[in-house]
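J.: Here it is, the structure, as C-alpha cells.
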Amino acid sequence: MPGSLGGRKAVPWRLRRRGFFPTGESEARPDLGGRISESTLRGIRDRADIVEVVSDTVRLSRSGASFRGLCPFHREKTPSFFVHPAKQIFHCFGCGEGGSVFHFLMKTRNLSFAEAVEDLGDRYGVPVQYEKGPAPERPQEDLYRILQGASETYRELLRSSPAGKGAREFLRRRGISPEAEQEFFLGYGGRGKDILDALAREGIDPSRAEAAGLLAPREGGGYRERFRGRVVFPIADARGRICGFGARAIDESLPKYLNSPDSRMYRKSSVLYGLHQALPAIRRERKILVVEGYMDLIGMWQAGVKNVVATCGTSLTESHARAMKRMTGDVILLFDGDVAGKRSAVRAGGPLYAAGISPLVLFPPKGMDPDDWAKETPHEELSDRIARAIPLMEYIERAAGRKYDLSRIPGKLSYLQLMGKYLPWITDAAERHLYVQRVAKAAGLPEETVRDRLRGGEKAAVPVAPGIPPRASSSRPEEDMLLGLLCRDPSLIEDVRKDGVEDLLEGEAVREVVARLCRLSASQEVPDLLALLDDEAGEEARRRISEQTLRADMSPEQSRRAYPEVVVGLRIRKKQREEARLLAEIASTKDTAEQGRLFEELKAVRNERERLVQERITLR
Ligand SMILES: [Zn+2]
C-alpha cells in the first residue's frame with residue numbers, strides 16, 4: 001500500500017473520491033437506482049445547453065432556428081440531425097433518434113438516465129437530489145473504490161518499490177516512456193501480499209476484493225492475488241472509473257496476458273481499453289483506430305497517434321462496435337500483419353458492418369506488430385499510412401481474388417462463393433452495389449447472377465444493423481398532426497381532455513403521450529414537454545415528440561386554429577374503423593336477424609361519418 005512504500009502517507013481507500021487517471025475528470029460514482037427529483041431535472045434543463053453538449057460529439061452549423069449536423073447514430077453524408085436550442089431537443093430525420101439532452105448523453109456515451117443526469121449536474125453545477133423514499137441502491141460503490149485503491153497501490157509498487165525493479169526494467173526495455181506510464185497509470189502487481197495487507201489495514205473484507213476481481217480463492221482456503229508479479233494496466237470505463245485490470249507477465253510466465261474476470265462493472269465484450277484517454281482525440285478527429293493489445297495502444301500513443309483504443313483480450317464484438325458507432329462511423333483496424341492478425345481483422349468486419357460501420361483496415365509491414373511499427377516510424381509516415389488505410393471489404397475482395405485462379409472456372413466459382421459470404425455484411429445499398437459490380441467483373445458474370453447468389457446466402461448473413469430503425473410510419477396522419485400541435489402548444493391538452501380525444505386514438509405511442517400529458521396537466525398549468533420526455537416516455541413516444549417539435553415552426557395561434565379540424569379527422573377515422581368492424585361481423589354471422597341489426601348500426605355509423613366529413617369541409 002502507499003503507506004508501506006518509501007514512507008509515503010497512506011490515504012484510506014474510503015476517503016478517496018477522485019479517479020486516478022490524470023486525465024480523468026469524473027468522480028467515482030456509483031450506479032444510481034433511485035428516482036431523481038423533478039426540481040433537479042428542471043434545474044439542469046434550465047442551465048444545460050443542448051447545443052454545447054451535442055457539439056462535444058457532433059460538428060453543428062446554424063440552420064434557421066436550429067442547428068444541423070451529421071447524425072452520430074447512423075451513417076449519412078448529408079446532415080439530417082437537428083438540434084433545437086430553444087426547445088432543447090434533438091432529432092434525426094434519417095434514423096428517427098431524438099430526445100432531450102439527457103437522452104443524447106445516454107445514447108452517445110452509453111449511460112443510464114441517472115448517470116446522464118449526474119454528469120450534466122456536475123457540468124452545470126446543479127446538485128442532484130433524489131426523491132424521498134428508499135435510498136438508491138449502490139451495490140457496487142465499494143467495488144469501484146476498491147479497484148481505485150488497488151490501482152494506486154499497483155502504481156506505487158511500480159514507481160518505487162524494490163520489488164518493482166524487474167517491472168520497471170521490463171517497461172524500459174519495451175520502450176515505454178515515463179509519460180505513457182503515467183498517462184495510462186501503469187502499475188506492478190507486487191511479489192508479496194500487498195493488496196491483502198492493505199485490505200486488512202483498511203478493514204475491507206477480502207470477499208469484496210474477490211468480487212472486484214483482485215483476489216482469487218486459493219485451494220484449501222484463503223485468497224491469492226490475481227495480478228502478482230505482472231505489469232498491470234488499469235482499464236477504465238467511458239466515465240473514467242477503473243472497472244478492471246489487464247496484466248502482462250514480465251518473464252516467461254503463462255499466460256502472457258491476464259484480465260479481470262467478467263463482472264457487472266467489467267465486461268470484456270464491451271469495454272474498450274484506452275477509450276477514456278482517447279475520447280478528446282476521437283472527438284477531434286472523428287476517427288477511431290482499433291488495435292488488439294495494450295502495448296500496441298501505448299506504442300501508438302507514444303508515436304503521437306492518440307485516437308486509439310484496444311479490445312481487452314477478446315475479439316471485437318457488436319457491443320464494441322455499437323460503442324464506437326456512437327462516437328464516429330470512421331473506424332480503422334490496425335492489427336498484426338501475420339495470419340492471425342489478418343484473420344481477426346476480417347472477423348471484426350461482421351460486428352462492425354452490423355453496427356453500421358464500414359471499417360478500414362491497415363497492417364504494419366511484414367513481421368512487425370503495431371507496437372514495433374510505431375516505434376520505428378516517424379509520426380508523419382504513420383499518419384500518412386493511417387490516412388491511406390483501405391476499406392476492409394476491398395481488402396477481403398483483393399485477398400479472395402489472389403487466393404483463386406480467376407482465369408479458370410473453378411477458381412471463379414470459389415471466389416464467388418467466398419465473396420458471397422462477405423458481401424451480405426454491407427448494409428449500405430450504394431456501397432453494396434459497387435462491390436457487387438466489382439465481384440461480377442472479376443468473376444466475369446452479370447451483376448444479376450452475383451445478386452442472385454447473395455439473395456441465396458442472405459439467411460446466413462449478419463442481421464441488418466440494429467442501430468438503424470426504420471422511419472416512423474405516417475399511416476395515421478391525423479394522430480401525427482395532433483402530436484405536432486401538442487408539441488407546439490402543450491396548453492391544447494385541456495381541450496384534448498375535454499373533447500375525449502384519447503378514446504379516438506389508435507396508435508400506442510401517441511396515446512401514451514396524450515395520456516401522460518393529461519396526467520401532467522393535472523399538476524402543472526401548462527405541461528412541460530421536456531418533463532414528459534424525461535418522465536420515462538417510451539422510445540417511440542420520445543422519437544415522435546422530438547420529430548414533431550422540430551418538423552415545423554407553427555405559432556400557438558396557428559395550432560389552435562388547426563386543432564378542431566384534426567379532431568374531426570380523428571373522429572372520421574374512428575368511424576371508418578367501426579364500419580370495417582361491422583362489415584366483418586356481418587360477413588361472419590349466419591343469423592339474419594343479427595345481420596339486420598348490424599346493418600342498421602352500420603347505416604348509423606356511415607351517416608355520422610358523412611356528417612363529420614361535411615363538418616370538416618366547413619372548418620376549412
Ligand atoms: Zn440519425
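J.: About the Cα centre of the stretch 33-108, how large is the charge dipole given +1 on each Lys and Arg Cβ and -1 on each Asp and Glu Cβ? Please answer in debye to the nearest 20. Write out the running numbers ahead of the final one.
T.: Working: 11 positive and 7 negative charges, 23 e Å.
About 120 debye.
J.: Once phi is turned into θ = phi - 60°, what whole-Hz ³J(HN,Hα) does the Karplus curve with 6.51, -1.76 and 1.60 give for every residue of the stretch 605-620, x standing for Gly and Pro?
T.: 5, 4, 4, 4, 4, 5, 4, 5, 4, 4, 4, 5, 4, 5, 6, 7
J.: Let me ask something else about it. Counting pairs of alpha carbon atoms under 8 Å apart in space and at least six apart in sequence, what relative contact order in percent does the stretch 249-388 give? Please list the in-between numbers first.
T.: On the way: 224 pairs, mean separation 33.6, N = 140.
Computed over the stretch 249-388, the figure is 24 percent.
J.: Please report M368, M106, M393 as a ranked list, fewest other C-beta atoms within 10 angstrom at the top and most at the bottom. If you can, show how the numbers build up before the last one.
T.: Working: M368 17, M106 20, M393 25.
The fewest-first ordering by Cβ neighbours comes to M368, M106, M393.
J.: Dividing the alpha-carbon Rg of the chain by 2.2 N^0.38 Å yields what?
T.: Details: Rg = 30.0 Å, N = 620, 2.2 N^0.38 = 25.3 Å.
In units of the 2.2 N^0.38 Å rule of thumb, it is 1.19.
J.: Shifting gears a bit: Sort C95, C518 so that the residue with the fewest other Cβ atoms within 10 Å of its own Cβ comes first and the one with the most comes last. Kindly include the intermediate steps, with their values, before the conclusion.
T.: Working: C95 22, C518 16.
By the 10 Å Cβ count, ascending: C518, C95.
J.: Calculate, for S588 and R173, the FRET efficiency according to 1/(1 + (r/R0)^6) with r their C-beta to C-beta distance and R0 56 Å; round to the nearest 0.05.
T.: Values: r = 84 Å, r/R0 = 1.50.
The value I calculate is 0.10.
J.: Show me, for the stretch 240-246, the HN-Hα J-couplings you get by feeding each phi into the Karplus relation (A = 6.51, B = -1.76, C = 1.60, θ = phi - 60°), rounded to Hz, glycine and proline as x.
T.: Coupling constants for the stretch 240-246: x, 7, 6, 10, x, 9, x Hz.
J.: Quickly work out the S344-to-R577 label distance, labels modelled 7 Å from Cα along the C-beta direction, and quote it in nm with one decimal.
T.: Each label point lies 7 Å from its Cα, and together they span 5.5 nm.
J.: Please report Rg over Rh for the stretch 38-123, where both radii come from the alpha carbon positions and Rh follows the Kirkwood definition.
T.: Values: Rg = 12.4 Å, Rh = 13.0 Å.
Here Rg/Rh amounts to 0.96.
J.: Here's another thing I want to ask about it. Over the stretch 477-619, calculate the relative contact order: mean separation of alpha carbon pairs under 8 Å at least 6 apart, over the residue count, as a percent.
T.: On the way: 116 pairs, mean separation 41.4, N = 143.
Relative contact order, the stretch 477-619: 29 percent.
J.: Distance in nm between label sites at E610 and E447, each 7 Å beyond Cα in the beta-carbon direction?
T.: Those two pseudo-labels are separated by 5.4 nm.
J.: Here is a further query. Counting other C-beta atoms within 10 Å, which of R241, R408 has the fewest, and how do the rest follow? Present the calculation step by step, with values, prior to reporting the outcome.
T.: On the way: R241 24, R408 10.
Going from least to most buried by this count: R408, R241.
J.: May I ask you to evaluate 6.51 cos²θ - 1.76 cosθ + 1.60, the Karplus curve with θ = phi - 60°, for each residue of the stretch 43-54 and list the ³J(HN,Hα) values in order in whole Hz, giving x for glycine and proline?
T.: So the Karplus estimates, Gly and Pro as x, are x, 6, 4, 5, 9, 5, 10, 5, 5, 5, 5, 5 Hz.
J.: From Cα pairs below 8 angstrom and at least 6 apart in sequence, can you work out the relative contact order of the chain, rounded to a whole percent?
T.: Working: 961 pairs, mean separation 68.3, N = 620.
About 11 percent, as a whole number.
J.: Exactly which GluC sites (Glu not before Pro) in the stretch 185-291 are in a DSSP loop and have at most 10 other Cβ atoms within 10 Å?
T.: Values: sites: E202, E210, E219, E225, E252, E285; in loops: E219, E252.
Here the GluC sites (Glu not before Pro) that fit, given the DSSP loop and packing criteria, are E219, E252.
J.: Express as a percent, rounded to the nearest 5, the fraction of DSSP beta bridges in the stretch 285-427 (both residues included) that run antiparallel.
T.: Numbers: 2 of 11 bridges.
Given both bridge residues lie in the stretch 285-427, the antiparallel proportion sits at roughly 20 percent.
J.: For the chain, what proportion of DSSP beta bridges, expressed in % and rounded to the nearest 5, is antiparallel? List each step's numbers first, then the result.
T.: Numbers: 33 of 42 bridges.
Once the DSSP bridges in the chain are tallied, antiparallel ones form about 80 percent.
J.: Quickly estimate the mean residue ellipticity at 222 nm for the chain, helices only: each DSSP H run with n ≥ 4 gives -39500 (n - 2.57), and the total goes over all residues, rounded to 500. Display every interim value, and only then the final one.
T.: Numbers: 26 runs with 312 residues, N = 620.
Here the helix-only value at 222 nm equals -15500 deg cm²/dmol.
J.: Sequence-distant or interchain residues sharing an amide H contact under 5 Å with I89, placed H: which?
T.: Long-range HN contacts for I89: H84.
J.: Here's a follow-up. Pairs to check: K77/K107; K193/K306; K77/K325; K325/K375; K268/K366. Give those whose C-alpha atoms are more than 26 Å from each other in this structure.
T.: Details: K77/K107 21 Å; K193/K306 35 Å; K77/K325 15 Å; K325/K375 29 Å; K268/K366 29 Å.
Exceeds cut-off: K193/K306; K325/K375; K268/K366.
J.: Taking 0.36 nm per intervening residue step and subtracting the Cα-Cα distance, what contour gain separates R59 from I617 on full extension?
T.: Details: separation 558, 0.36 × 558 = 200.88 nm, distance 4.63 nm.
Gain on extension, R59 to I617, equals 196.2 nm.
J.: Per 0.36 nm of contour for each residue apart, how much would the distance between R47 and A515 grow if the chain were fully extended, relative to their Cα-Cα spacing? Each step should come with its number before you reach the end.
T.: Details: separation 468, 0.36 × 468 = 168.48 nm, distance 2.83 nm.
In short, 165.7 nm is gained.
J.: Further question on the same structure: Simple spin-label model, 7 Å along Cα-to-Cβ: D384 to Q558 in nm?
T.: Output for this residue pair reads 5.6 nm.
Coordinate-derived values only; no laboratory data. As the structure is a prediction and not an experimental result, all values here were calculated from the model. Neighbour counts are summed over all protein chains in view; Cβ atoms, including those assigned to glycine, are modelled from backbone coordinates with ideal geometry.
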